[in-house]
Amino acid sequence: MDYCRLANIYESLSKVSSKLEKTRILAGFFRETLPLGLEKVVLLVQGRVFPKFVGYESGIAARMMIKAISKFTGFSPMEIENRLREKGDLGLVAEEYVEKRKQAVPSAERLTVDKVLEDLRKLAFISGIGSQNRKFVLIGDLLASAKPREARYIVKTILGELRVGVAEGIIRDAIVEAFLLRKDMSKKERGKLRDLVDYAWNITSDYGEVARIVKMEGTDGLR
């Protein structure tokens, strides 16, 4: 799956406040996603690159990200910091400066969800002498392939600032709506399905794995 598809989902989610509407958007997206890709996109829509029980983080703070954006785009860290003070969102700043760079140096590459997730996970394991520069290179490679909107959400994910309003309850309800719900079901039956998905999450601590199992096996895979 192209990462731009996921970036468009982020954009749609960020524009609505209703939990029901967010659930509907995610349910449609999950239905369109192949089983092997579900684990990845369910993680990413939560702003995660590892399941909750895995303790790894990118180790990238805002100041380091400013330097990475500066190094890639050629604009000074001070200019980027000033723009950040105006916009209040480093993802939006990255989008703006990546767009400026793309006008001068267009890229024909396309980013995939697999590539983005793979590289974001690599960030968590880069350490030792020269680790900062290696992280800069990895972020720069991602931004070089990214469209401006993609750059916004890559930066926000790295910083742990995705904030598209997707709580775990919405993920659960979207899984139920996407793969298990029937129009003729009673409120009680719907509640039982939510409880079943909750039960599976309590065992796995990973809604991505739960979504994949439900898509492939239905409720039988959760029992």
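The values are calculated or read from the model by the stated rules, or taken from the named source; none is laboratory data. In this text the structure is predicted, and so the values were computed from the model without any measurement. Don't worry about glycine lacking a Cβ; one is built from the backbone with ideal geometry, like all the others, and counts go over all protein chains shown.
Return yes when LYS67 is outside the structural domain of GLU95 (by TED's automatic domain parsing) and within 18 Å of LEU142 (Cα to Cα) and no when it is not.
Spelling it out, it is not the case that LYS67 is outside the structural domain of GLU95 (by TED's automatic domain parsing) and within 18 Å of LEU142 (Cα to Cα).
Just name the residue that is surrounded by the fewest Cβ atoms within 10 Å (Cβ to Cβ) out of those in the stretch 13-34 that are within 14 Å of the chain's Cα centre (by Cα) and of a type outside the set (Gly, Ala, Ser).
First pass over the stretch 13-34, keeping only residues within 14 Å of the chain's Cα centre (by Cα): 13-14, 26, 29-30.
Restricting the remaining residues to those that are of a type outside the set (Gly, Ala, Ser) gives 13, 26, 29-30.
Numbers: LEU13: 20, LEU26: 25, PHE29: 22, PHE30: 23.
Filtering first and then ranking leaves LEU13.
Annotation note: Cβ proximity below 6 Å between a residue of the stretch 24-35 that is more than 13 Å from ASP173 (Cβ to Cβ) and a residue that is buried (at least 19 other Cβ atoms within 10 Å of the Cβ) and charged (D, E, K, R) (sequence gap 6+ or interchain) occurs for PRO35/ARG212; PRO35/LYS215. Does MET185 satisfy the condition of being of a type in the set (A, V, I, L, M, F, W, C) and more than 24 Å from the chain's Cα centre (by Cα)? For MET185, the condition - of a type in the set (A, V, I, L, M, F, W, C) and more than 24 Å from the chain's Cα centre (by Cα) - is met.
Selection over the stretch 35-51 of residues that are of a type in the set (A, V, I, L, M), more than 14 Å from ARG212 (Cα to Cα) and surrounded by fewer than 21 Cβ atoms within 10 Å (Cβ to Cβ) gives a count of 0. Annotation note: of LEU117, LEU84, LEU90, the sole residue that is assigned by TED's automatic domain parsing to the domain that holds ARG134, free of Cβ contacts under 8 Å to residues at least 60 places away in the same chain, surrounded by 14 or more Cβ atoms within 10 Å (Cβ to Cβ) and not polar (S, T, N, Q) is LEU84.
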